Every structure is written in C-alpha cells, then in structure tokens.
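Chemist: Would you mind keeping the following structure in view while I ask a few things?
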Amino acid sequence: MALTNAERQARYRERWQAGESPLRYRRPADRRSRPQQWNDAVQTLLTLQDQYQEWRDALPASLAGSVTAELLEQVCDLDLSDLEAVELPRGFGRDG
C-alpha cells in the first residue's frame, strides 16, 4: 500500500534526525576541466596497458600462441604516447 504524503514526510524526518544521508539518484557533476578529464583518461589507459603487459608477461608457455596472448599483444603494441603529446585547446581566447 502506498504511503500518504504525511507518512512519507514523517519517515523523512526520522531519517534526517537519525543522521542518515539522503539517497542520491543523480550522479554528482564532474567538476574537472576537459583537459583534466583528458589527462586522467590517458593516465587510466596507460595504467591499464601496463597491467595488460604484466598479464602477458605472466602467461605460461602453454598459452604463448593462444588467442588471449594475441589479443594481449595487440593491446600492448598500441602506441599511446601520441595521446600524451596532444595539446588541447584551452578555449575562450586563452589559446594564443
């Protein structure tokens, strides 16, 4: 059975007085600038590539020619240094 508005409000007050934080249904806004988001994404990719490299290096010899080894090799062979070298626009006339 659905709660009345008064019952819903009473439950809210009880939770608030108990110190419970309200449920958030929306994701908090990302306050980072676009260049910072880009740099963070590139660092994440580099970290993941290092982890895949470690995984490939730890593969047993019996899996050396497997599909998994080939896919790990493809990921490890990607040159992500170009992503680090990208100079992003700052915008609003601050580029010059």
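The values are calculated or read from the model by the stated rules, or taken from the named source; none is laboratory data. In this text the structure is predicted, and so the values were computed from the model without any measurement. As a convention, Cβ positions derive from the backbone with ideal geometry for all residues, glycine included, and neighbour counts pool all protein chains shown.
The rows are residues; the columns are (1) outside any helix (DSSP H, G or I); (2) modelled with pLDDT under 90.
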{"residue": "6", "(1), (2)": "no, no"}
{"residue": "13", "(1), (2)": "no, no"}
{"residue": "16", "(1), (2)": "no, yes"}
{"residue": "19", "(1), (2)": "yes, yes"}
{"residue": "22", "(1), (2)": "yes, yes"}
{"residue": "26", "(1), (2)": "yes, yes"}
{"residue": "39", "(1), (2)": "no, no"}
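Chemist: Give the residue that is surrounded by the fewest Cβ atoms within 10 Å (Cβ to Cβ), with candidates limited to residues of segment 81-96 that are assigned to a loop (DSSP other than H, G, I, E, B) and modelled with pLDDT of 70 or more.
Modeler: Of everything passing the filter in segment 81-96, 87 is surrounded by the fewest Cβ atoms within 10 Å (Cβ to Cβ).
Chemist: While we're looking at this one, here's another question. Mind counting the residues in segment 14-29 that are surrounded by fewer than 10 Cβ atoms within 10 Å (Cβ to Cβ) and at negative phi?
Modeler: Matching residues across segment 14-29 total 11.
Chemist: Among the residues in segment 55-74, are any basic (Lys, Arg), assigned to a loop (DSSP other than H, G, I, E, B) and surrounded by 12 or more Cβ atoms within 10 Å (Cβ to Cβ)?
Modeler: Within segment 55-74, none of the residues are basic (Lys, Arg), assigned to a loop (DSSP other than H, G, I, E, B) and surrounded by 12 or more Cβ atoms within 10 Å (Cβ to Cβ).
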